[in-house]
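The next block holds one structure in the form of structure tokens; read it before the comments.
The values are calculated or read from the model by the stated rules, or taken from the named source; none is laboratory data. Please read these numbers as outputs of a predicted model, since none were measured by experiment. Don't worry about glycine lacking a Cβ; one is built from the backbone with ideal geometry, like all the others, and counts go over all protein chains shown.
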Amino acid sequence: MKYLDEFRNKAAAKRLASRISSEVGEGEVTLMEVCGTHTMAVHRYGIKGLLPPNIRLLSGPGCPVCVTSNRYIDKAIAYSKQSDVILTTFGDMVKVPGSRSSLAREMSRGADVRIVYSTTDALKIARDNTERKVIFLGVGFETTVPTVATSILEADRMGMKNYFVLSAHKLIPPAMKALLDGGELKIDGFICPGHVSTITGTQVYEFIPRNYRVPCVVAGFEPVDIMQAIYTLVQQITRGIAEVANQYRRAVRKEGNPKAREVIYEVFEPSDSDWRGIGVIPQSGLMIRQRYRKYDAEANIDVEIEPSAENPRCICGAILRGVKEPLECTLFGSLCTPEHPKGACMVSSEGTCAAYYNYGRQMPKKPEG
Ligand code: SF4
């Protein structure tokens, strides 16, 4: 297949569904799509409806906004209240509830929070407001980090003194390892993230089949991509094979993008990081290296926050570990909606709760009459 249309071809998706069905037979198979963009695509295209009932497809921790801890959000909110700070962020973060407030609420109270579309916008705001500190919320996985690292290099090149990054960047493979080590679920195969893999390459997943005998397939985001990935996983599982396969060869190479990784590791170094629902995962985050520490918001701008707390009725953490589904949350679709989110998984355009809500195929039935 060469053209995008071919990856959206309904007949091809249905043919794959029938092959998957024959291949899996009666066995129960649990697969996890790690990435939030896959979660959205699975729901948008009704992939679950094409699969036989003995294939369970779970969503994982691959939505960067969702896995960002409340403590980080509380800190961002505390920064936004400082009168000499301009907080810049991508849009999704603004509505995420922290322990006691959200950035959206603080904006309505006068905090200077500006939604940007790129780090270039954030740098421009810093250049135009040299008397104020401009903090960019660095949230995202391997795909997002190169642009943030580049913004720090650019700030350094220009000798800027008022641009800072509050880093909550995270790395996907350590989270997959944490899920496998956690042992809460038996995962038979992973659909690995396409975008992240353009940077990391496929080699970063090789420890999973080697150490855990769990197959991995890097996949694209069209329905036929996902169905092909599931077919490959099921073939490996039924035949007792565990390998890393690359279904998304039109975008992902085994070695990924070494230049982008060079930029990342010029500016950042691995550090332990706190994931919502999972906790602290060793070496799963990225902190700014000593050489560029003058651009690290936490190292340079004091802020005090009260202890963070989760909404006890929000089960987002369990959803991110794949052990619960949004319909098990008592707030889903009633008190918690994309307009009035009570948890991060309903806010983000890649959140599992938002996917269930927006593509409604699995909404609870409304009472008749
Ligand atoms: S529906 Fe809302 S409250 Fe429930 S788990 Fe999802 S985000 Fe949390």
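A few comments on the model shown:
- Considering the conditions (1) within 25 Å of residue 92 (Cα to Cα); (2) more than 16 Å from the ligand (Cβ to nearest atom); (3) assigned to a loop (DSSP other than H, G, I, E, B), residue 256 is excluded by exactly one of them, (1).
- Of the helices (runs of 4 or more DSSP H) contained entirely in region 1-106, those carrying at least 2 residues that are in contact (Cβ under 8 Å) with a residue 12 or more places away in the chain and farther than 24 Å from residue 182 by Cβ fall at 10-24, 36-44, 47-50, 70-80.
- Index of the failed condition, residue 142 passing every other in (1) out of contact with any helix residue (DSSP H, G or I) (no Cβ under 6 Å at 6 or more places or on another chain); (2) among the charged types (D, E, K, R); (3) not in a helix (DSSP H, G or I); (4) not assigned by TED's automatic domain parsing to the domain that holds residue 217: (1)
- Residue check, residue 224 assigned by TED's automatic domain parsing to the domain that holds residue 51, aliphatic (A, V, I, L, M) and over 20 Å from the mean Cα position of the chain (by Cα): yes
- Residue match in region 346-367 (condition: over 19 Å from residue 47 (Cβ atoms), at pLDDT 95 or above and within 8 Å of the ligand (Cβ to nearest atom)): yes
- For region 155-192, the set of residues classified as within 28 Å of residue 253 (Cα to Cα), touching a helix residue (DSSP H, G or I) at 6+ places or on another chain (Cβ under 6 Å) and outside any strand (DSSP E or B) consists of 168, 169, 172, 173, 180, 188, listed by residue number.
- Subset of region 300-315 (residues that are within 23 Å of residue 166 (Cα to Cα) and within 13 Å of the ligand (Cβ to nearest atom)): 310
- Residue in region 261-275 that is away from the ligand (no atom under 16 Å from the Cβ) and in a loop (DSSP other than H, G, I, E, B) present: no
- Of all residue pairs spaced 6 or more apart or on separate chains, those with beta-carbon atoms under 6 Å, a first member in region 295-313 that is more than 17 Å from residue 84 (Cβ to Cβ) and a second member that is among the aliphatic types (A, V, I, L, M) and within 16 Å of the ligand (Cβ to nearest atom) are 313/331.
- Restricting 184, 255 to residues that are surrounded by fewer than 23 Cβ atoms within 10 Å (Cβ to Cβ), of a type in the set (Asp, Glu) and more than 30 Å from residue 156 (Cβ to Cβ) narrows the list to 184.
This table checks each residue for (1) part of a strand (DSSP E or B); (2) surrounded by 20 or more Cβ atoms within 10 Å (Cβ to Cβ).
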| residue | (1), (2) |
| --- | --- |
| 286 | yes, yes |
| 318 | no, no |
| 324 | no, no |
| 341 | no, yes |
| 349 | no, no |
